[in-house]
Amino acid sequence: MDIINQSVSLYKKTSIQEARFDEEAKLSEGGKKGALVTVTKTSSPKNNPQENQTLTNKSTGEILSLKKDRDYRSDRWALKSVVGDILPKCRTSKCMVLRAPDPVKGGLRDIEVCKSDKLQKAFYQGLYACGDIWNCPICAAKVSERRRNELKTALVLAKDKGWGIHFVTLTFPHGAGDDLTDILSKMTKAYGKLSSGKYSVKEQLKKLSPESEIFGFIRALEVTHGENGFHPHVHMIVFTNKETESGLLDFVYYRAWVRACRLAGLPEPSRLHGCHVQDGSFAADYAGKWGIEDEMTKANQKQAKNKGLTPWGLLRCILDGDDLDYPPKRAIGLFLVYSAAFKGKRQLYWSNGLRKLLGLQKELNDQELAQKADDEAAYTLATITVEQWKAIRKCKAEVMILNIAESNPLLITSVINNFVLSSGDAGPHSMGEGVPFYGGRGPTR
């Protein structure tokens, strides 16, 4: 048996052992269910409840998932491959493909396979990371996880200061015929009015309750697509003094939001759906889940109502080709519209001065977060030459290399060398030249 087949056997054996360990943990320690919003082509939470569970080992506090990290990784790389095919000139098509510039030595960095004992995961270092949180599933996962940690830290610091914390959701009526670029532009104009001028939320709150004060906010921009077309909306975590009640804030925000939408040319939001202000427990729940669902951004992964989809869901429809409501041609068209509309938009925005009030360091941009190493203390298992990287990519084995690095690091050098020898033939892990990416979830491009 050649080295590739040995590696595949090891990978399958390890996966079976991990699944068995998860099941044993469930039986011996007791499980805690938690929605992962994991819907695959071959199974669904309805038909297979285990696909929609997390398990918690009560003795260690470790959260165990029946969907392993390597499955999520394969999904991300496969979905990124779709973006590369439908947007071949965007920077995401070059992400995790080209070598990154070396800011110290000059030239281009070496490609390395690294492993972190702390995180128990392997990753590539030295590759270009696009940092496009709207188009790139790989960078979105990285960036959102680091943003999530900042959100959680902000909530802890705010609580230590005795601040009030509120969770605000803002939306407006929309229809299937609405132009996404147009309504997104108007929505941006509308929420800008909430923070400026004599009719701002802060000024109106002072008039009604002089003892109330807003210290700042964190705003997240999200979008889904459903029966009524694209649905852009805003979530905010608002920090106030402890005297400010969520009910009063809800009253002020709704009035301000109605006025802002009207002036921006948007339909008037309803009292029932247009604005919701909830207490800090909802903010904590939101921050805790950010970036966790399917290890991608919460904004881009959660399932919408009425069989709607997130942008990543659209990519999955293109990849699988089995959704009757979103056949590949339609899903491609919708993703292209979404991509153009959200280009250059900020997904997460901190109000001026808030980070300083909380004692947080200067915010890194998406590109800086995506390029940052997963773990500075990780060690290098192998340095990959240009020839080897071309062979790995030709065999579409980028994900397999990382999986083997985690399962049996001693095989890495032999496996990489074998890919160089076998890259001229369409072996068991090569789709060959010119084979379309549609119809499979395996490692691609």
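At-a-glance table
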read-out	value
Residues (assigned to a helix (DSSP H, G or I), under 12 Å from CYS136 (Cα atoms) and either within 16 Å of the chain's Cα centre (by Cα) or of a type outside the set (Ser, Thr, Tyr) (or both)) located in region 82-105	VAL82, VAL83, GLY84, ARG91, THR92, LYS94
Residue match in region 133-140 (condition: in a helix (DSSP H, G or I) and over 30 Å from MET400 (Cα atoms))	no
SER93 hydroxyl-bearing (Ser, Thr, Tyr), at pLDDT 95 or above and farther than 23 Å from ASN403 by Cβ	yes
Selected residue [within 28 Å of ASP75 (Cα to Cα) and either surrounded by fewer than 18 Cβ atoms within 10 Å (Cβ to Cβ) or modelled with pLDDT of 95 or more (or both)] from ARG109, ARG147	ARG109
Boolean, GLU222 is within 22 Å of TYR349 (Cβ to Cβ) and crowded, with 16+ Cβ neighbours inside 10 Å	yes
Yes/no for LYS118 being over 20 Å from the mean Cα position of the chain (by Cα) and surrounded by fewer than 18 Cβ atoms within 10 Å (Cβ to Cβ)	yes
Checking THR383 against (1) in a helix (DSSP H, G or I); (2) among the hydroxyl-bearing types (Ser, Thr, Tyr); (3) over 22 Å from the mean Cα position of the chain (by Cα), the condition it does not meet	(1)
Residue check for GLY216: among the small types (Gly, Ala, Ser), on the phi > 0 side of the Ramachandran plot and assigned to a strand (DSSP E or B)	yes
THR181 farther than 14 Å from LEU348 by Cβ and touching a residue at least 60 places away in the same chain (Cβ under 8 Å)	yes
Close pairs from region 339-360: first farther than 19 Å from HIS235 by Cα and of a type in the set (S, T, N, Q), partner surrounded by fewer than 19 Cβ atoms within 10 Å (Cβ to Cβ) and at pLDDT 95 or above, Cβ under 7 Å, at least 6 apart	SER339/LEU87
Filter result for ARG109 (out of contact with any strand residue (DSSP E or B) (no Cβ under 6 Å at 6 or more places or on another chain) and basic (Lys, Arg))	no
Residues of region 171-192 that turn out to be surrounded by 14 or more Cβ atoms within 10 Å (Cβ to Cβ) and not in a helix (DSSP H, G or I), as a count	5
Helices (runs of 4 or more DSSP H) completely within region 270-377 that count 1 or more residues being out of contact with any helix residue (DSSP H, G or I) (no Cβ under 7 Å at 6 or more places or on another chain) and modelled with pLDDT under 95	280-289, 298-301, 311-320, 366-371
Among (1) among the small types (Gly, Ala, Ser); (2) assigned to a loop (DSSP other than H, G, I, E, B); (3) at pLDDT 75 or above - the single one GLY61 does not satisfy	(3)
Condition check for PHE217: aromatic (Phe, Trp, Tyr), in the same structural domain as VAL143 (by TED's automatic domain parsing) and within 24 Å of LYS152 (Cα to Cα)	yes
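The values are calculated or read from the model by the stated rules, or taken from the named source; none is laboratory data. Only a predicted model underlies this, so the values are computations on that prediction, with no experimental measurement involved. Heads up, the Cβs are rebuilt from the backbone with ideal geometry, glycines too, and the neighbour counts pull from every protein chain shown.
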